[in-house]
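Novice: Below is the structure I would like to discuss, written out as structure tokens.
The values are calculated or read from the model by the stated rules, or taken from the named source; none is laboratory data. All of these numbers come straight from a predicted model, not from anything done at the bench. So basically every Cβ, Gly included, is an ideal-geometry build from the backbone, and we count neighbours across all protein chains shown. We work out accessible area using only protein heavy atoms, side chains counted, and drop any ligands, DNA or RNA first. Shrake-Rupley method; radii C 1.70, N 1.55, O 1.52, S 1.80 Å.
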Number of protein chains: 2
Amino acid sequence: MTIRQTLFCGAAFGIAGLALSAVPASAEEGMWTFDAFPTAKVRKDLGWAPDKAWLDTVRASAVRLTGGCSASVVSPQGLVLTNHHCVIACVQDLSTDKADYVQAGFTARSREDERKCPGQQAEIVTAITDVTPQVKAAIGTATGEALVRAEIAAIARIESGNCTDGATQRCQVIKLYGGGQYKLYSYRKYSDVRLVFAPEFKAAFFGGDPDNFNFPRYALDVGFLRLYENGRPIAAESHLRWNPAAPKEGDATFVVGNPGSTQRLFTQDQFALRRDVIFPLTVPLMSEYRGRLIAAMAGDKERTRTGADTLFGIENGYKVYVGQWQALRDPGFSGTLAANEARLRAAVAKEAGLRGRIGDPWANVAKADAAYRDFYADFYLLEANAGYGSTLYGYAEALVRAATEREKPDAERLPGYSSSRLALLEKQLTDEKPVYPWLEELTLSFWLSKTREILTVDNPDVKRMLGKESPEALAERLVSGSRLADPKVRKRLFDGGMAAIRASDDPLIRFFLINDERGRALSRRYDREVGGQITAAQAKLATARFAVYGDSIYPDATFSLRISYGRVKGWTYRGTAVPPFTYIGGLYDRATGAEPFEAAPKWLAAQGRIAKDTVYDYVTTNDIIGGNSGSPVIARDGSVIGAAFDGNIHSIGGSYGYDAALNRTVVVSSAAITEALKTVYDAGSLLKELSGG
Amino acid sequence: MTIRQTLFCGAAFGIAGLALSAVPASAEEGMWTFDAFPTAKVRKDLGWAPDKAWLDTVRASAVRLTGGCSASVVSPQGLVLTNHHCVIACVQDLSTDKADYVQAGFTARSREDERKCPGQQAEIVTAITDVTPQVKAAIGTATGEALVRAEIAAIARIESGNCTDGATQRCQVIKLYGGGQYKLYSYRKYSDVRLVFAPEFKAAFFGGDPDNFNFPRYALDVGFLRLYENGRPIAAESHLRWNPAAPKEGDATFVVGNPGSTQRLFTQDQFALRRDVIFPLTVPLMSEYRGRLIAAMAGDKERTRTGADTLFGIENGYKVYVGQWQALRDPGFSGTLAANEARLRAAVAKEAGLRGRIGDPWANVAKADAAYRDFYADFYLLEANAGYGSTLYGYAEALVRAATEREKPDAERLPGYSSSRLALLEKQLTDEKPVYPWLEELTLSFWLSKTREILTVDNPDVKRMLGKESPEALAERLVSGSRLADPKVRKRLFDGGMAAIRASDDPLIRFFLINDERGRALSRRYDREVGGQITAAQAKLATARFAVYGDSIYPDATFSLRISYGRVKGWTYRGTAVPPFTYIGGLYDRATGAEPFEAAPKWLAAQGRIAKDTVYDYVTTNDIIGGNSGSPVIARDGSVIGAAFDGNIHSIGGSYGYDAALNRTVVVSSAAITEALKTVYDAGSLLKELSGG
């Protein structure tokens, strides 16, 4: 429930004397790319390693969901396994006040019942090509804003030049090691993704926020989608075989998916910036927003329904941020990070040639971060997180900027608006999707009031945004007056370009236009003083690491395809051993009848029939992070034995380092899914499809 | 609006290169006690110093309000000057849905109109006696829990033995320098305090939370009370003379009041505990609670009225915490604090005799703080801040504990329940005061859900508290079932002692009883591992400071009577000079018509008549902190020229150190009060009384 790639950024609670690995990777550590699979290391650690055919099949069955999740094809008819929390936004979008699928669950009884998920796109990697030389040649010796511009232009050129069929292909250049490597990932894309099955929220998220990131766990965090093309289910080129049996303790497990973001290669100054500047600003903001949501939803059934996904996202993200921050404040954990950096610096200092080639990238990062401190709050509030996630504000921003940027050559555009990236943006902008005015107003008034509070009343940006209005009155006027909730209106504005934007009297478009230039200026300042500097410095740090550690290292997570390996294994913390498995029967023991520990009605009804000794959830040592949500967990024989849906509490520090003793992936077993489909949900046709019938 | 002593704990925003003074005190620094007034230093800094008669009159006119504020007697008939934000709780308690004095303001047109403030008590110092030898003799060589017990017993003995008339006297032993000195403060107390005048919230708190702690400022943060005895206004033994003229730039100013709490004598480990443990837990909690309040009040007029004081308190406290925390994370500010400690340690190291006497108190503090880290969250959630300020929970706690503790000798009681302290507690418990069920339920469900979140679901304390209930359901049951809102019920339970408590079926009493022992155990653990250790270490640090710095030092604030001296003076920050005065005319320029920048209707009506060149608010260099709210600002001639109501944003770091260049007190001028009473409020009789007529 946890590892969807959106809000998260990890803290080991009470980490004592852990053996953070940094570089080179320790046993079972690493989120490895498919083009640099560490065969020898895996063989050494597991006593066996997959061959090329195994890896090729797995890669061709692995799906990235653009909402920030991972998934896998599990039938020839394009059936896709993922998590419930990866489809909950879709389930909510498809619900109405009359038919609430979040509460009731959703089971398509036929193909015709399968319903399209707004904004969702599925992507399967078809090739990985090294384009480092091209991008680095384009960058040359540039730094700062010039570096960022050159990098964007080179990436846009490579992406456009390699994907000629926009309808079925997507090309994306992935920046690895913070700028040490650039790889072109080519994807087969599927824009019509439909909902097949989602259990009730109470079953999928039993234990709610309190149990999130904890184990033992009793959650059926599973959802099934199907890939469509031309109105019909696809004939999948590759799929994973469903395995209805649970693994045994010690069995090897592979997790294949798209970990979103880690910061294991950060320097000490980057950690300090997070600890002392970023988290102290962002955590209290999330906290107040969460409080406003909870109180606005309390006792209001419709708001409780329509705000559920937003609240889940913020609570999940909050737990991650708090945990990551705690890790950085933990003397033991942060001491290990400092020692790792000292080790690399000492190794570099010993090699005069290397030292001459890279200079002092640590000092350059420190300088960039010192500059960032001075405008972090402005940048965060007015540009990077402007609108605080408001859907309507996001539409206004994307429409205005798409119109402006399309008039420029790729090299001059903002990132995200290059020609190769517009197709997905257009889909996300024009798909029909419900908008909830109360939530929009709450979000915008929160953002405006916090911006005023933090930047202060007399700040010229604040004055320009608010004029003589209060945050509340302005938010009300923008939301009640805007017609951007209508996909036809958005389509017209998108197609109409700058002429349509200029002619629009939509208050949100007008509001965004007033503030656009300031946001762009902050963005340029970020590129100039921070982003461009850090890319240059990280490229040099990558050079140093390759020179010192060779290929025993892996890049930080980038929401691109990775594979991690491990075993089914519990852990011991402060003398208490946590076994690796839970069983369906345990759900009934843990249920109190009070939210969020209420068993779903269908599960209560099935209590007498269900096989209570079925493995429900289990933990493995795989190294994953947010974005891996929905990843297939694959056995040595290539069969899928579950879907990763969470990490334990100790895994949150995984953003900064992997601890084999404590860091665990939490999986919902294919055994439990099979038993539930059979006994609880009576989903015979789905079961049949999974079993290859 | 800011410096009431309740929630605050102070950060200079963007402090660069400040000259924090620590010890010895720099020019104009210090919150001095009346029995150690630094005459020579004041004469040196101001070119003049008050004599004993001046000081005696001022002391005898200075009032402490038990709600956490300061005040002064300003007429022979017991009229008391304080801040609006010090009387807003009373104004709200006296309001109903029919008569909302928070919005409309309150002006008593005759004595009969003056209304008693629930729970309010006023106290005037009559004597200060050194009782250090007695307390230190009682403590002897005890440490830990034994030290705390001996200290409590000695203090209770001194307090009881010196105040024989409980109806009119209060004795309180004040611990100074964290245990270096103990002084007995004897007070004349007044338990019948009535509301005379309060302006509209919009006038008193113009600019609201955004302008709080900022300057220029346009706030009439003033309130008048009157002391009664036997149903009649008192004949005051001493009072300050009202001065309707504003001071000039550079004029000397004295602020006399009760600064609540500073931590300037903390060690590095104590600062680190705040920065890394306390603030990261408490700030996000305040933030979410604030969010819940805001959303619950939005669009609901009655809740907006009844929640106003709670929201103000949390927003004010939040700003203080955030500022203090920022100061501790600021490299320049925290570097100065570290240098100050290093300086004292070096001085001690040079003196073998001193070193032998005090040992290594820094190490002892470090050990205590390391122990505290392990149970801080438990202690905070289950004992120190249990109930998160819920009025009903507070009643249950005080009733149960008063009953239990009264059965023991003073030496064995919890602090706050010794015989000398029960009178005020009884008054606060039995005064009639409105309770708002929605707010109680919101607060308790917040507290319960956060306790579950932070301590986790499977924690035995959490399990005992919640049983099978959800936080929301439990809070609803406790609030809807409790009869503790009725003062007669509370009176019966208080008078009935343990027998009545045991017989009570009030759900909140039952709930508190279930959890009481755990809270007590945490309290004992705190005494043993933290409090008792730190008192012993701070006593040794005080010895070191006196030896090294002599009497050039002053104790940390303790919500007891202090005097600070300074001048009317603006400041310059990042090249921008802020002048010391605002004028009434500026209010009309700043008003936007949108909350919280709406001028009050009466002020708009008076716009044509009012003297716009009257000084409204002004700033001085006086060293104050939360608790000083309402303090008289006194001119060299002994007249009162305003009421301190805030500090500027740079003053928040004042918790840890005073910066003469930036730290400012914000005052509402007696000139503006006079003009407003005359022109806006038509309060002729009040004006006449002030002018001695």
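Novice: Can you divide the C-alpha Rg of the stretch B:53-136 by 2.2 N^0.38 Å and report the result to two decimal places? Walk me through the intermediate numbers first.
Specialist: Details: Rg = 16.7 Å, N = 84, 2.2 N^0.38 = 11.8 Å.
Its radius of gyration relative to the 2.2 N^0.38 Å reference: 1.41.
Novice: Above 43 angstrom, tally the Cα pairs of the protein assembly as shown and express them as a % of all pairs, no decimals. Walk me through the numbers before you get to the answer.
Specialist: Working: 465223 of 959805 pairs.
Of the Cα pairs, 48 percent sit more than 43 Å apart.
Novice: With a 1.4 Å probe and all protein chains in place, put A:Thr164, A:Thr262 in order of accessible area, largest first. Intermediate values should be presented prior to the final figure.
Specialist: Working: A:Thr164 130, A:Thr262 10 Å².
Putting A:Thr164, A:Thr262 in descending order of accessible area: A:Thr164, A:Thr262.
Novice: With the Cα gyration tensor of the stretch A:173-213 in hand, give its eigenvalues times 5 under a square root as the equivalent ellipsoid semi-axes, listed largest first in whole angstrom. Let's see the in-between values first.
Specialist: Details: eigenvalues 254, 90, 4 Å².
Each semi-axis is √(5λ); the values are 36, 21, 5 Å.
Novice: Here is a further query. Classify the stretch A:642-693 as rounded, prolate or oblate from the Cα gyration tensor: take a ≥ b ≥ c as the square roots of its eigenvalues, call it rounded if a/c is under 1.5, otherwise prolate when a/b beats b/c and oblate if not. Present the calculation step by step, with values, prior to reporting the outcome.
Specialist: Details: a/c = 4.51, a/b = 3.37, b/c = 1.34.
Taking the square roots of the gyration eigenvalues as a ≥ b ≥ c, the stretch A:642-693 is prolate.
Novice: Let me ask something else. At a cut-off of 20 Å², which residues of the stretch B:564-603 become less accessible once all protein chains are present than in their chain alone, using a 1.4 Å probe?
Specialist: Flagged in the stretch B:564-603: B:Arg590, B:Thr592, B:Ala594, B:Glu595, B:Phe597.
Novice: Further, regarding this structure: Using only the alpha-carbon atoms of chain B as identical scatterers, what base-10 log of I(q)/I(0) does the Debye formula give at q = 0.06, 0.08, 0.09 Å⁻¹?
Specialist: Debye intensities relative to I(0), on a log10 scale: -0.32, -0.59, -0.77.
Novice: Considering only the label points, 7 Å along Cα→Cβ from Cα, what distances in nm to one decimal separate A:Ala342 from the same position in each other copy, shortest first?
Specialist: Distances to the matching label points in the other copies: 1.9 nm.
Novice: Report the full-extension gain for the segment B:Asp637 to B:Tyr588: residue separation times 0.36 nm, less the Cα-Cα distance, to one decimal in nm. Numbers along the way, then the final one.
Specialist: On the way: separation 49, 0.36 × 49 = 17.64 nm, distance 3.29 nm.
The B:Asp637-B:Tyr588 span can extend by a further 14.3 nm.
Novice: Over all residues in A:294-301, what is the mean tally of Cβ atoms on other chains that come within 10 Å of each residue's Cβ? The partial results should precede the final answer.
Specialist: Working: counts 10, 13, 7, 1, 7, 2, 0, 0.
Counting Cβ atoms of other protein chains within 10 Å of each residue's Cβ and averaging gives 5.
Novice: So if we plug the beta-carbon distance of A:Glu407 and A:Arg43 into 1/(1 + (r/R0)^6) with R0 = 56 Å, what FRET efficiency do we get, rounded to 0.05? List each step's numbers first, then the result.
Specialist: Details: r = 54 Å, r/R0 = 0.97.
After rounding to 0.05, the efficiency reads 0.55.
Novice: Let me ask you something else. Within the P(r) computed for the stretch A:224-287, what percentage of the Cα pairs occupies the region above 13 Å?
Specialist: Working: 1651 of 2016 pairs.
Percentage above 13 Å: 82.
Novice: For the stretch B:498-646, how big is the tail of P(r) above 19 Å, as a whole percent of Cα pairs? Can you show the working numbers first?
Specialist: Working: 8388 of 11026 pairs.
The proportion of pairs with Cα distances above 19 Å equals 76 percent.
Novice: What per residue convex hull volume, in Å³, comes out for the stretch B:401-473 when only alpha-carbon positions are used?
Specialist: Working: hull volume 9.7 nm³, N = 73.
Measuring per residue, one finds 132 Å³ for the Cα hull of the stretch B:401-473.
Novice: Can you classify the stretch A:467-550 as rounded, prolate or oblate using the Cα gyration tensor, where a ≥ b ≥ c are the square roots of its eigenvalues, rounded means a/c under 1.5, and otherwise it's prolate if a/b beats b/c and oblate if not? Please report the intermediate quantities before stating the final value.
Specialist: On the way: a/c = 3.31, a/b = 2.37, b/c = 1.39.
It comes out prolate by the Cα gyration axes.
Novice: Can you pull the semi-axes for the stretch A:520-579, root of five times each eigenvalue of the Cα gyration tensor, sorted largest first, whole Å?
Specialist: Values: eigenvalues 267, 73, 33 Å².
The answer is 37, 19, 13 Å, longest axis first.
Novice: Between B and A, which B residue has the Cβ nearest their rotation axis, distance in Å?
Specialist: Nearest to the symmetry axis by Cβ: B:Gly291, 1.
Novice: Let me ask something else about it. May I ask you to derive the relative contact order of the stretch B:517-670, considering only C-alpha pairs under 8 Å and at least 6 residues apart, and to give it as an integer percent? Could the numbers behind the result be given before it?
Specialist: Values: 189 pairs, mean separation 30.0, N = 154.
Rounded, it is 20 percent for the stretch B:517-670.
Novice: Which order do A:Trp48, B:Trp362 take when ranked by solvent-accessible area (1.4 Å probe, heavy atoms of all protein chains), largest first? Numbers along the way, then the final one.
Specialist: Numbers: A:Trp48 50, B:Trp362 20 Å².
In descending accessible area the options line up as A:Trp48, B:Trp362.
Novice: A further question follows. Taking only C-alpha pairs under 8 Å that are 6+ residues apart, what is the relative contact order of the stretch A:170-209 in percent? Mind dumping the intermediate values first?
Specialist: Details: 24 pairs, mean separation 11.7, N = 40.
RCO, the stretch A:170-209: 29 percent.
Novice: Suppose every K and R has +1 on its Cβ and every D and E has -1 on its Cβ; what is the size of the dipole of the stretch A:599-693 about the Cα centre, in Debye to the nearest 20? Working shown, then result.
Specialist: Values: 7 positive and 9 negative charges, 57 e Å.
Dipole magnitude for the stretch A:599-693 comes out near 280 debye.
Novice: Ordering A:Glu476, A:Glu405 from largest to smallest accessible area (1.4 angstrom probe), what's the sequence?
Specialist: Values: A:Glu476 85, A:Glu405 0 Å².
Putting A:Glu476, A:Glu405 in descending order of accessible area: A:Glu476, A:Glu405.
Novice: Quick one: label points 7 angstrom along Cα→Cβ at A:Ser552, distances to the other copies in nm, smallest first?
Specialist: Copy-to-copy label distances at A:Ser552, shortest first: 5.8 nm.
Novice: Shifting gears a bit: So what's the stretch A:198-248 giving for Cα Rg divided by 2.2 N^0.38 Å, two decimals? Each step should come with its number before you reach the end.
Specialist: On the way: Rg = 15.8 Å, N = 51, 2.2 N^0.38 = 9.8 Å.
Rounded to two decimals, the normalised Rg is 1.61.
Novice: In nm, give the distance between the simple-model label positions of B:Ser685 and A:Asp97, each being 7 Å from the Cα along the Cα-to-Cβ direction.
Specialist: With each label point 7 Å from Cα toward Cβ, the separation is 5.5 nm.
Novice: From the Cα trace of the stretch B:141-218, what convex hull volume per residue do you get, rounded to a whole Å³? List each step's numbers first, then the result.
Specialist: Values: hull volume 14.6 nm³, N = 78.
Each residue corresponds to 188 Å³ of Cα convex hull volume.
Novice: At 1.4 Å probe size, with the rest of the protein present, what percent of the exposed accessible area of the protein assembly as shown is carbon and sulfur atoms? Don't jump to the answer; show the numbers that get you there.
Specialist: Numbers: 24830 of 47960 Å².
For the protein assembly as shown, the apolar C and S fraction of the accessible surface comes to 52 percent.
Novice: In addition: What average count of beta carbons from other chains do you get within 10 Å of the Cβ of residues in B:122-129?
Specialist: 0
Novice: When the C-alpha atoms of the stretch B:105-192 are aligned to their principal axes, what extent does each axis show, in angstrom, from largest down?
Specialist: Computed over the stretch B:105-192, the largest-to-smallest principal extents equal 59, 25, 18 Å.
Novice: Please report, in debye to the nearest 20, how large the charge dipole of chain B is about its Cα centre when each Lys and Arg carries +1 at its beta carbon and each Asp and Glu carries -1 there.
Specialist: Working: 83 positive and 80 negative charges, 197 e Å.
In total the dipole reaches around 940 debye.
Novice: Which residue, chosen from A:Val255, A:Asn230, A:Val277, occupies the Cα position most advanced towards the positive end of the dipole of the stretch A:214-331, where the dipole is computed from +1 (Lys, Arg) and -1 (Asp, Glu) charges on Cβ about the Cα centre?
Specialist: Highest projection toward the positive end goes to A:Asn230.
Novice: In Å², rounded to the nearest 100, what is the total accessible surface buried by chains A and B against each other with a 1.4 Å probe?
Specialist: Values: alone 25410 and 25360 Å², together 47960 Å².
In total, chains A and B hide about 2800 Å² from solvent.
Novice: Using the alpha-carbon centroid of each, what span in Å lies between the stretch B:332-391 and the stretch A:629-656?
Specialist: Value for the Cα centre distance between the two parts: 43 Å.
Novice: Return the subset of A:Lys202/A:Lys678; A:Lys319/A:Lys612; B:Lys319/B:Lys688 for which the Cα-Cα distance in this structure is over 28 Å, preserving the input order.
Specialist: Working: A:Lys202/A:Lys678 18 Å; A:Lys319/A:Lys612 31 Å; B:Lys319/B:Lys688 38 Å.
In this structure, A:Lys319/A:Lys612; B:Lys319/B:Lys688 exceed 28 Å between Cα atoms.
Novice: Starting from a label point 7 Å past Cα on the Cβ side, list the distances from A:Ala371 to the same position in the other copies, nm, shortest first.
Specialist: Shortest to longest, the spacings are 5.0 nm.
Novice: Any chance you could get the radius of gyration and Dmax over the Cα atoms of the stretch A:147-295, in Å?
Specialist: When restricted to Cα atoms, the stretch A:147-295 yields Rg and Dmax of 21.4, 52 Å.
Novice: What accessible area per residue comes out for chain A, rounded to a whole number of Å², with a 1.4 Å probe?
Specialist: On the way: 24010 Å² over 693 residues.
Value for chain A: 35 Å² per residue.
Novice: Would you please state the base-10 log of I(q)/I(0) at q = 0.15 1/Å for the stretch A:360-454, with intensities from the Debye formula using one equal scatterer on every alpha carbon?
Specialist: -0.80
Novice: Taking the Cα centre of the stretch A:149-193 as origin, work out the dipole magnitude from +1 charges on Lys and Arg Cβ and -1 charges on Asp and Glu Cβ, in debye rounded to 20.
Specialist: Working: 7 positive and 4 negative charges, 25 e Å.
Dipole about the Cα centre, nearest 20: 120 debye.
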